[in-house]
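Structure, as structure tokens:
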Amino acid sequence: MDSSKFMSAMKQIAAVKNISEALVFEAVESAFAAAYKKDFGTKDQEVKVEILENTPELAKIYVLKEVVEDGDVRDENLEIGEEAAKKYDSEAELGDEIYIDCTPSGYGRIAAQSAKQVILQKIQEAERKSLFERFKDREGELVTGSVNRVEGNHVFVDVESTTIMLPERHQIRGERYFPGRRLRLYLDKVGISSKGPQLLVSRTHKKLVELVMEEEIP
């Protein structure tokens, strides 16, 4: 896969997941850096990733290294001799830290495969972050949703491209819920846990009626 196809695929993921392209590419860069450290470097390295456009390669890898005296390099993953450093930066001096292009041949394709699972994980994290950012300041608001499915006593409602569970204790007794039914809901709480954002919606909160009345009777 060349970079143009890869970029297009990442943009499609952003659109489908309803998250910003910046968050998706941030996730990809993080995954590529992790893959480089695992396959070619060490966990102590500071790695910067540049995603390329319209080239056969997908990415460039830059590693931060300290400039030391020639012949005094103890760890090539973290240090570089002064003479070699000047090939990358003519003004490099002893003690400086500079980024060195350490991209392995064909690295983009290698990373896309080895980092696939990490990319998916990072995108999930980005999706959760985006969801929390979207709702964190909206506690106490009315939201409109459509019933997605009913499982036992739990009703799952689609609200702004996000599926939220309406707990039994927040359902109106005797009210019928079925797929496709539109509901007005009160967004009671927005929190975050190890599993991601937690949104609590209610059909029974006392504020629900007040807000509906305010909308209907200006």
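Going through the stretch 142-198, which trypsin sites (Lys or Arg not before Pro) have at most 12 other Cβ atoms within 10 Å and a DSSP loop state? Present the calculation step by step, with values, prior to reporting the outcome.
Numbers: sites: ARG149, ARG169, ARG173, ARG176, ARG181, ARG182, ARG184, LYS189, LYS195; in loops: ARG173, ARG176, ARG181, LYS195.
Qualifying residues, ordered by number: ARG173, ARG176, LYS195.
Which far-off residues, 5 or more places away or on another chain, put their amide H under 5 Å from the one on GLU79, with H placed in the peptide plane?
For GLU79, whose amide H was placed from the backbone, the distant partners under 5 Å are GLU66.
Where in the stretch 158-192 does the amide nitrogen come within less than 11 Å of the point 7 Å from the Cα of ASN148, taken along Cα to Cβ?
158-166
Would you mind checking which residues have amide H under 5 Å from ARG149's amide H? H placed 1.01 Å from N; only 5 or more apart, or other chain.
Under 5 Å from the amide H of ARG149 lie the amide H atoms of PHE156, each far enough along the sequence or on another chain.
Kindly write out, for the stretch 188-201 in residue order, the coupling ³J(HN,Hα) from the Karplus curve 6.51 cos²θ - 1.76 cosθ + 1.60 (θ = phi - 60°), rounded to whole Hz, with x marking Gly and Pro.
7, 9, 10, x, 9, 9, 5, 8, x, x, 10, 10, 10, 10
Please compute the length gained on full extension between GLU97 and GLN117, using 0.36 nm multiplied by the number of residues separating them and subtracting their Cα-Cα distance.
Numbers: separation 20, 0.36 × 20 = 7.20 nm, distance 3.18 nm.
Here the segment from GLU97 to GLN117 would lengthen by 4.0 nm.
Give me the extension gain from GLN124 to LYS5: residue separation times 0.36 nm, minus the current Cα-Cα distance, reported in nm with one decimal.
On the way: separation 119, 0.36 × 119 = 42.84 nm, distance 2.12 nm.
Result for the pair: 40.7 nm of gain on full extension.
Treating the chain as a set of equal point scatterers at the Cα positions, no solvent, please give the Debye-formula log₁₀ I(q)/I(0) at q = 0.07 Å⁻¹.
-0.39
Calculate I(q)/I(0) for the stretch 3-130 by the Debye formula, one identical point scatterer on each C-alpha and no solvent, and give its log10 at q = 0.14, 0.19, 0.22 Å⁻¹ to two decimals.
Log-scaled intensity ratios, in q order: -0.66, -0.99, -1.18.
If I build a Gaussian network model for the chain, linking alpha-carbon pairs within less than 10 angstrom, which residue out of ILE98, ILE172, ILE164 has the largest mean-square fluctuation?
ILE172
Given the DSSP H assignment, sum -39500 (n - 2.57) over each helix run of at least 4 residues in the chain and divide by its residue total; what's the result at 222 nm in deg cm²/dmol, nearest 500? Present the calculation step by step, with values, prior to reporting the outcome.
Working: 6 runs with 80 residues, N = 218.
Calculated at 222 nm, the ellipticity per residue is -11500 deg cm²/dmol.
Radius of gyration and Dmax for the stretch 136-216's Cα atoms, expressed in Å?
According to the Cα coordinates of the stretch 136-216, Rg and Dmax are 12.3, 39 Å.
Placing unit charges on C-beta atoms (Lys and Arg positive, Asp and Glu negative, everything else neutral), compute the dipole magnitude of the stretch 136-216 about its Cα centre in debye, rounded to 20.
Numbers: 14 positive and 13 negative charges, 69 e Å.
Its charge dipole is roughly 340 debye.
When the label point is put 7 Å from the Cα of GLU214 along its Cα-to-beta-carbon vector, which residues of the stretch 123-159 have a backbone N closer than 19 Å?
135-145
Would you mind classifying the stretch 105-174 by shape? Square roots of the alpha carbon gyration tensor eigenvalues, ordered a ≥ b ≥ c; an a/c under 1.5 is rounded, otherwise it is prolate if a/b is larger than b/c and oblate if not.
Values: a/c = 4.30, a/b = 2.38, b/c = 1.81.
Here the stretch 105-174 falls in the prolate category.
Each reported figure results from applying straightforward, stated rules to the coordinates on display, with no laboratory input. The model shown is predicted, which means the values in this text are computed figures rather than measured ones. Positions of Cβ are generated from backbone atoms using ideal geometry, with glycine treated the same way; all protein chains shown enter the neighbour counts.
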